Amino acid sequence: MIVLIVSIGGIFYPKLGYILLLVFATLLIIAPFRGRWFCGNLCPRGSFVDFWLAPLSRRLAIPLFLRSMWIRIPIFIALMGFMIYRLLGTQGVVDRIGMVFVTLCIITTSIAILFGVIIAPRTWCTFCPMGTLQRIMGGSKYQLKLDGDLCIDCKRCQKVCPMQLRVFELQDLPDCIKCGRCVDACPKDALIFH
Ligand code: SF4
Ligand code: SF4
Ligand code: SF4
């Protein structure tokens with residue numbers, strides 16, 4: 001709902017764009033300790049795509065190349081560059097600054113909706129610059145641990161993972177958004193966060 005308030009309401013009341021600053025600040029505080037926890041538990045756009053796009057989505061496999069840092073870093077630089085370029089042109093006017101954030105929200109939400117419908121709900125979250133930033137800041141923190149002795153290889157955890165991660169493989173998952181769905185779905189309690 002916050003995504004719609006900023007994207008639509010912000011056109012008429014640009015100061016709503018400052019909500020994005022609050023979002024940025026929150027994820028920057030959390031990321032060094034919990035990696036992408038913000039994405040799976042607090043992000044307004046994350047819950048927007050989960051709730052609204054899930055019924056509409058074709059639910060296809062997210063293309064592997066979208067996970068590559070060779071794609072993600074340029075997208076990060078392009079969107080941050082766009083934001084800084086626009087901010088430098090605002091001459092410090094409060095409404096114009098707010099409108100930069102509103103524009104950013106409209107662009108990224110439109111991409112998220114498009115990819116979310118034609119591929120899978122969390123496709124945007126695979127290469128979202130804020131997700132990439134959290135991964136860089138704390139991708140190794142608060143990892144899932146799999147007890148290989150308990151696991152029966154049923155792969156239920158992978159089926160429920162909104163990021164389509166290979167949960168049951170014994171490896172670090174820096175793009176895990178700590179939503180806990182795999183933990184809840186596991187019939188053997190083989191997964192815990194540590
Ligand atoms: S990846 Fe981006 S849009 Fe998705 S939940 Fe994280 S911060 Fe939000
Ligand atoms: S691995 Fe588990 S906690 Fe991480 S994103 Fe997938 S379902 Fe959520
Ligand atoms: S749901 Fe649990 S038991 Fe099944 S593959 Fe995943 S970790 Fe193993």
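Identify which of 92, 81, 139 has the largest mean-square fluctuation in a Gaussian network model of the chain, with springs joining Cα atoms closer than 10 Å.
It is 92.
Cross-link partners among lysines for residue 159, C-alpha distance below 26 Å, same-chain residues fewer than 8 apart left out?
Result set, ordered by chain and number: 141, 145, 178, 188.
Can you give the direction-averaged projected area of the convex hull of the alpha-carbon atoms in the chain, in nm²? Could you put the intermediate results ahead of the total?
On the way: hull surface 43.5 nm².
Projected over every direction and averaged, the Cα hull of the chain covers 10.9 nm².
Against the longest principal axis of the chain, how steep is helix 129-138, in degrees 0 to 90 to the nearest 10, with axes from Cα atoms?
Helix 129-138 sits at roughly 50 degrees to that axis.
If the cut-off is 19 Å between C-alpha atoms, which aspartates and glutamates fall inside it for residue 15, apart from same-chain ones fewer than 8 positions away?
Leaving aside aspartates and glutamates fewer than 8 places away in the same chain, those within reach of residue 15 are 95.
Please report, in debye to the nearest 20, how large the charge dipole of the range 2-138 is about its Cα centre when each Lys and Arg carries +1 at its beta carbon and each Asp and Glu carries -1 there. Mind dumping the intermediate values first?
On the way: 12 positive and 2 negative charges, 60 e Å.
The dipole of the range 2-138 has a size of about 300 debye.
Choose one answer from 105, 179, 154: the residue with the largest mean-square fluctuation in a GNM of the chain with alpha-carbon springs under 10 Å.
The residue that fluctuates most here is 154.
Give the cysteines in the chain for which no other Cys Cβ lies under 4.7 Å away, or write none if there are none.
By the Cβ distance rule, which asks for a partner under 4.7 Å, the isolated cysteines are 39, 43, 105, 125, 128, 151, 154, 161, 176, 179, 186.
Ordered by residue, what ³J(HN,Hα) values in Hz, to whole numbers, does the range 31-47 give under the Karplus form 6.51 cos²θ - 1.76 cosθ + 1.60, where θ = phi - 60° and Gly and Pro are x?
3, x, 9, 10, x, 8, 4, 3, 4, x, 10, 10, 5, x, 6, x, 6
Rg(Cα) of the range 1-68 divided by 2.2 N^0.38 Å?
Values: Rg = 14.4 Å, N = 68, 2.2 N^0.38 = 10.9 Å.
In units of the globular-protein estimate, the range 1-68 measures up at 1.32.
Specify which residue in the list 29, 89, 68 is farthest towards the positive end of the charge dipole of the chain, using unit charges on the beta carbon of Lys, Arg (+1) and Asp, Glu (-1), about the Cα centre.
Result: 89, furthest along the dipole toward the positive end.
Compute the projected area of the convex hull of the Cα atoms of the range 143-194, averaged over all viewing directions, and report it in nm² to one decimal place. Please report the intermediate quantities before stating the final value.
Working: hull surface 12.1 nm².
Convex hull of Cα atoms, orientation-averaged projection: 3.0 nm².
Rule-based calculations on the coordinates, nothing more; no lab input. Not measured: the values here are computed from a predicted model. Backbone-built Cβ (ideal geometry, glycine too); neighbour counts: all protein chains shown.
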